[in-house]
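Read the figures in this text as sums done on the coordinates, not as results from a lab. The shown structure was predicted, so the numbers you read here are calculated from the model rather than taken from an experiment. We place every Cβ from the backbone using ideal geometry, glycine too, and count neighbours over all the protein chains shown.
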Amino acid sequence: MNTIIKVVVLSLALVVVKANAQDFQGIATYKSKRKLEIKLDSTQVNSEMHQKMMEMLKKQFEKTYNLTFNKEESIYKEEESLAPPQPEGGMQIVIANTGGADILYKNTKDQRYTNQNDVFGKIFLIKDKLEKVDWKLESETKNIGEYACFKA
């Protein structure tokens, strides 16, 4: 059976920020989708079955991530969601994901970083210190929305 698979990853971000001189916090929501192009031998799979397989795979790859942050710390993790109901007696495609339940925590005040990773049901916790980055601001600027941004 001849099979050709192409995967394109698309992402979309929605950012909600509450900011003033004393308080800076917000949530950024990232949506990840993959465009699949799978060509199967038409003698093995009819076009209707192929279309159903493509729709199921597309839904399996759609993920939403949230970055919750304030002035000193941030948490980045995948949004929990329930699996869609499967029709009885129908086809079911399951994609095994070996990782992906990462929770990333960063604290700039304490200069620490933590990564919690679930690999095959086993939880790993990685703790490290943040490296100090010496930023050098350039004179080049760009306006993004109502903010004047400097190249660094």
As straight-line cross-link partners of Lys142, the qualifying aspartates and glutamates (C-alpha separation under 14 Å, not fewer than 8 residues apart within one chain) are none
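Take each of the peptides 102-111, 116-125, average the number of other beta-carbon atoms within 10 Å over its residues, and list them starting from the highest. Walk me through the intermediate numbers first.
Numbers: 102-111: 13.7, 116-125: 10.8.
Peptide ranking by packing, descending: 102-111, 116-125.
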Treating only Lys and Arg (+1) and Asp and Glu (-1) as charged, each at its beta carbon, one finds that the stretch 101-152 has a dipole about its Cα centre, in Debye to the nearest 20, of 180 debye
Among Lys31/Lys127; Lys35/Lys77; Lys71/Lys136; Lys77/Lys129, the pairs whose Cα-Cα distance exceeds 24 Å are Lys31/Lys127
Partner aspartates and glutamates whose C-alpha sits under 19 Å from that of Lys33, ignoring same-chain residues fewer than 8 away, are Glu55, Glu62, Glu78, Glu79, Glu80, Asp102
